[in-house]
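The values are calculated or read from the model by the stated rules, or taken from the named source; none is laboratory data. Since the structure is predicted, the reported quantities are computational estimates derived from the model, not experimental observations. Positions of Cβ are backbone-derived with ideal geometry, glycine not excepted, and every protein chain shown enters the neighbour counts. All accessible areas refer to the heavy atoms of the entire protein, side chains included, with ligands and DNA or RNA removed. Shrake-Rupley method; radii C 1.70, N 1.55, O 1.52, S 1.80 Å.
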Amino acid sequence: MAVRIKSVDKGSAAEAAGLKAGDTLLSADGNEINDMLDYQFYTSGPQLSLAVQRGGRLDYLQVEKGEYEPFGCEFETYLIDKKHSCANHCMFCFIDQLPKGLRESLYFKDDDERLSFLFGNYITLTNLSEREAARIIKMRISPINISVHTTDPDLRVRMMANKNAGSTLAYLEQFARAGIQMNFQLVLCRGVNDGPALEKSLADLSALYPAVQSIAAVPSGLTRYRKGLYPLTPYDAASSRQVLDILEHWGNLCKEKYGIRLVYPGDEWYLAAGRPIPPDAFYEDYPQLENGVGMWRLFSEEFAAALEHHKQRWPLLPRRMDLVTGTLAAPLITQAAQALSRRYPRLKLTVHPIRNDFFGGNVSVAGLVTATDIAAQCRGKLKSRHLGVPEVMLRDEKDRFLDDWTIQKLEKALGVKVHILPCGGGALAETLLAPRLP
């Protein structure tokens, strides 16, 4: 595959080699350039032999540059080619449970090993070609994050509705032998891949140590838009406790055998089961924080540390603010707000847990709260003209909610000024105590 150059950075090795916008890069040192990983890997050395097509002419260029110095070409898209889409139809897929009318980008299911390496996305391996698997090993692309769900081949086929889902488990052994580090995710469906199936998965995956860095288990998120989909039942307190018992048992076994816990339950299990969140040491280096594993504990630790060491360098003017969050995090945010107000009585914070009526089901995380629900549930109940919204409720550009409402639309609906707040405990404490709100 040839890749067309969109632009060339000024002062770069690519510019010095005479490359221009519109040129087509065919290969580097005889290696085809198919995407961004190929480009970055094969142009990282100090001496390059390039095959370039310009107009109707094929040129071969010899280039000298600093080792690992960026070569300096820009392309139409970050990955150069298109993102790999998911080939599965998982019984628990959240995208299949979205209502109509949301932003088009929300309905795209990616399953791209390059995004796993570059951004930490999880992949299932079911659309991974032999060439791509070999490239992971050759380039030492590590760590990679893999959604396994179960190590029972037949059950994996059934859960993911993909005939390749069982056979591609062989990649796990292949990567482990090559020393590729892996983080695993298990999305558990009640009565499907928990119980004995979960025990088997944990036994098989933990046996891959030291290639396995972590194994996280989270409950499937179920919305009210599941008509025509596989009938799944949400976890309740009793079933959550059963899952926790298995996960903690295997974590203890791994801790004893390897000196590292490896198996980490998502925070939702503890909250649903009515059990306390484990201490900081339980999560070791928080290997799957972005997967909702240890977020409560880390937030609490950082918030407490920030509050303890905070030095108020200016008189704190009387300040009132309303805060919104999901029902899952509401007790934690309420505790934090009360601690701030006890320390600084002039700071009056009111927390509003937002029930997720938009998605319904068992969806309770702050990141899936919509402006529609905020407006409906906060109208007439706010204690101030300032509304704090956690940044996780907004897309990356921090301008729109999941339901496509803008910040300005929410401000107009409630007659408030919206302030986007950080999600980390320490950053939140410092922001709320700053002389000016964001």
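No other residue among Gly380, Gly388 is over 25 Å from the mean Cα position of the chain (by Cα), at pLDDT 90 or above and outside any helix (DSSP H, G or I) apart from Gly380. Just one of (1) free of Cβ contacts under 8 Å to residues at least 12 places away in the same chain; (2) outside any loop (DSSP other than H, G, I, E, B) fails for Lys227. It is (2). Evaluate the following for Leu50: is it in contact with a strand residue (DSSP E or B) (Cβ under 9 Å, 6 or more places away or on another chain) and surrounded by 13 or more Cβ atoms within 10 Å (Cβ to Cβ)? Criteria met by Leu50.
On inspection, Val363 fails the criterion of being over 12 Å from His352 (Cα atoms) and in a helix (DSSP H, G or I). Within the stretch 16-47, being over 36 Å from the mean Cα position of the chain (by Cα) and either open to solvent by 80 Å² or more (accessible area, probe 1.4 Å) or aliphatic (A, V, I, L, M) (or both) holds for Ala16, Ala17, Leu19, Lys20, Gln47.
Looking at the stretch 216-269 only, could you name the residues that are more than 23 Å from Asn183 (Cα to Cα) and of a type in the set (D, E, K, R)? Hits for the stretch 216-269 are Arg224, Arg226, Lys227, Asp236, Arg241.
Scan the stretch 47-56 and give yes if some residue there is farther than 30 Å from Gly166 by Cα, outside any helix (DSSP H, G or I) and touching a residue at least 40 places away in the same chain (Cβ under 8 Å), otherwise no. Within the stretch 47-56 (the criterion being farther than 30 Å from Gly166 by Cα, outside any helix (DSSP H, G or I) and touching a residue at least 40 places away in the same chain (Cβ under 8 Å)), the answer is yes, since at least one residue qualifies. With the structure loaded, tell me whether Thr372 is among the hydroxyl-bearing types (Ser, Thr, Tyr), out of contact with any helix residue (DSSP H, G or I) (no Cβ under 6 Å at 6 or more places or on another chain), within 30 Å of Asn183 (Cα to Cα) and open to solvent by 40 Å² or more (accessible area, probe 1.4 Å) or whether it fails that test. No; evaluated as a whole, the condition is false for this residue.
Scanning the stretch 418-435 for residues that are in a strand (DSSP E or B) and in contact (Cβ under 8 Å) with a residue 60 or more places away in the chain turns up His419, Leu421. Restricted to the stretch 249-288, and to residues there that are open to solvent by 30 Å² or more (accessible area, probe 1.4 Å) and among the small types (Gly, Ala, Ser), the residue that is nearest to Thr327 (Cα to Cα) is Ala272.
Residues in the stretch 161-194 that are in contact with a Phe, Trp or Tyr (Cβ under 7 Å, 6 or more places away or on another chain) and assigned to a loop (DSSP other than H, G, I, E, B) were compared, and the one that is most open to solvent (accessible area, probe 1.4 Å) is Arg190.
In the set Gly221, Gly266, Gly195, Gly251, only one residue is out of contact with any strand residue (DSSP E or B) (no Cβ under 6 Å at 6 or more places or on another chain), under 24 Å from Trp296 (Cα atoms) and among the small types (Gly, Ala, Ser); that residue is Gly221. Scan the stretch 139-148 and tell me whether some residue there is buried (at least 21 other Cβ atoms within 10 Å of the Cβ), in a helix (DSSP H, G or I) and without any contact (Cβ under 8 Å) to a residue 40 or more places away in the chain. No, the stretch 139-148 contains no residue that is buried (at least 21 other Cβ atoms within 10 Å of the Cβ), in a helix (DSSP H, G or I) and without any contact (Cβ under 8 Å) to a residue 40 or more places away in the chain.
The strands (runs of 3 or more DSSP E) located wholly in the stretch 244-360 that include 1 or more residues which are over 29 Å from Pro196 (Cβ atoms) and at pLDDT 95 or above occupy 319-326, 347-354.
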